[in-house]
Amino acid sequence: MDSNVERGAGGAAAVKRRGPSRTTAGTGRRGTSAAATIYRDLRDAIVGVRRKPGEPIIEKQIAEAYGVSRTPVREAVLKLADEGLVEIFPQSGTFVARIPLAGLPEAIIIRRVLEEATVRFAAERATRSRVAALRANLELQREMEAAGDLEGFHDADEAFHALLAEASGYPGFWTVTQQVKMHVDRYRKLTLPVSGRVGQVIAEHEAIVAAIAGRDPDGAVRALVDHLDGLRLRIDDARRDNPEFYVD
């Protein structure tokens with residue numbers, strides 16, 4: 001079980017209080033700061049699939065866990081609903097939104113277009129130190145694979161793509177990409193436990209870095225397209241394996 005979640009009566013999940021949350025509660029800082037903390041923690045848990053699609057969001061339990069009233073919890077939940085990460089059903093309850101399959105191909109294509117430009121510029125502009133940073137990150141990914149640490153691998157994967165943007169000279173590319181890929185991230189987290197998937201991702205990352213180090217913009221784009229197109233091709237498999245997590 002995720003270290004930030006506890007199970008209450010009936011198996012309902014509640015976020016455990018973290019250090020920042022205790023500070024917020026202990027000093028009497030409520031309102032906006034509490035809502036922001038709860039929003040951040042819930043969003044991280046949803047995008048990281050520690051809270052599974054369809055799982056109930058129990059506002060009372062969350063408020064108790066953070067030592068706050070239900071007002072900042074409600075504010076955080078409404079913001080998540082605006083982002084499409086939470087669904088609110090009057091008289092039924094509030095739930096983690098299921099992943100919309102129809103929107104995944106479009107989000108993957110938007111991400112691909114942004115990252116094609118990223119790796120092309122990176123292959124043209126990356127300094128030796130930037131390439132060294134990418135290679136160091138690849139080593140970290142291998143260590144996470146060897147340790148069986150999927151959460152650590154996901155974090156290293158995210159850092160890898162941020163490093164690509166830095167190597168391109170346009171770090172803002174990754175900021176924009178993050179805004180369109182939240183459901184893709186949830187989908188990806190569900191595919192990582194598939195046997196051999198992490199090793200395949202690392203090999204795809206290695207091909208991208210090799211092209212960048214070789215000053216081969218076209219090769220970098222080809223490697224990137226191969227990497228991201230694999231996500232689109234596995235959508236049907238993901239739906240078959242966990243149909244309860246998706247909605248058409």
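Just a yes or no: is a residue in region 54-65 out of contact with any Leu (no Cβ under 9 Å at 6 or more places or on another chain), crowded, with 21+ Cβ neighbours inside 10 Å and aliphatic (A, V, I, L, M)? Within region 54-65 (the criterion being out of contact with any Leu (no Cβ under 9 Å at 6 or more places or on another chain), crowded, with 21+ Cβ neighbours inside 10 Å and aliphatic (A, V, I, L, M)), the answer is yes, since at least one residue qualifies. The residue pairs whose first member lies in region 70-90 and is in the same structural domain as residue 45 (by TED's automatic domain parsing) and among the small types (Gly, Ala, Ser), whose second member is part of a helix (DSSP H, G or I) and loosely packed, with under 15 Cβ neighbours inside 10 Å, and whose beta carbons are closer than 9 Å, counting only pairs six or more residues apart or on different chains, are 76/40; 84/103. Picking from residues in region 92-128 that are aliphatic (A, V, I, L, M) and in a strand (DSSP E or B), the one that is surrounded by the most Cβ atoms within 10 Å (Cβ to Cβ) is 99. Across region 91-113, the number of residues qualifying as farther than 16 Å from residue 187 by Cβ and in contact (Cβ under 8 Å) with a residue 40 or more places away in the chain comes to 1.
Among the residues of region 174-214, which ones are aliphatic (A, V, I, L, M), more than 15 Å from the chain's Cα centre (by Cα) and part of a loop (DSSP other than H, G, I, E, B)? Result: 194, single match.
For residue 229, the criteria (1) over 18 Å from residue 144 (Cβ atoms); (2) modelled with pLDDT of 90 or more; (3) among the acidic types (Asp, Glu) hold in every case but one, which is (2).
Selection of first residues in region 141-153 that are among the aromatic types (Phe, Trp, Tyr) and of second residues that are assigned to a helix (DSSP H, G or I) and at pLDDT 95 or above, restricted to Cβ pairs under 7 Å at least 6 apart or on distinct chains, gives the following pairs, ordered by first then second residue: 153/141; 153/144; 153/145.
Considering 150, 114, 134, 163, which residue is under 17 Å from residue 226 (Cα atoms) and not assigned by TED's automatic domain parsing to the domain that holds residue 51?
114
Is it the case that region 158-165 has a residue that's touching a helix residue (DSSP H, G or I) at 6+ places or on another chain (Cβ under 6 Å), among the charged types (D, E, K, R) and assigned to a helix (DSSP H, G or I)? The answer is no, given that none of the residues of region 158-165 is touching a helix residue (DSSP H, G or I) at 6+ places or on another chain (Cβ under 6 Å), among the charged types (D, E, K, R) and assigned to a helix (DSSP H, G or I). Candidates are the residues of region 71-90 that are assigned to a strand (DSSP E or B) and not acidic (Asp, Glu); the one that is nearest to residue 186 (Cα to Cα) is 86. Would you check if there is a residue in region 97-108 being more than 29 Å from residue 230 (Cβ to Cβ) and among the hydrophobic types (A, V, I, L, M, F, W, C)? Taking every residue of region 97-108 in turn, none turns out to be more than 29 Å from residue 230 (Cβ to Cβ) and among the hydrophobic types (A, V, I, L, M, F, W, C).
Just one of the listed residues (131, 68, 49) is out of contact with any Ser or Thr (no Cβ under 9 Å at 6 or more places or on another chain), among the aliphatic types (A, V, I, L, M) and outside any helix (DSSP H, G or I), and it is 49. None of 125, 120, 142 is within 20 Å of the chain's Cα centre (by Cα) and basic (Lys, Arg) except 142. Going by what's in this entry, would residue 142 be described as in a helix (DSSP H, G or I), among the basic types (Lys, Arg), crowded, with 21+ Cβ neighbours inside 10 Å and not assigned by TED's automatic domain parsing to the domain that holds residue 55? Answer is no for this residue.
The values are calculated or read from the model by the stated rules, or taken from the named source; none is laboratory data. Every value quoted in this text rests on a predicted model; they were computed, and no experiment measured them. Cβ coordinates were reconstructed from backbone atoms using ideal geometry, including for glycine residues, and neighbour counts include every protein chain displayed.
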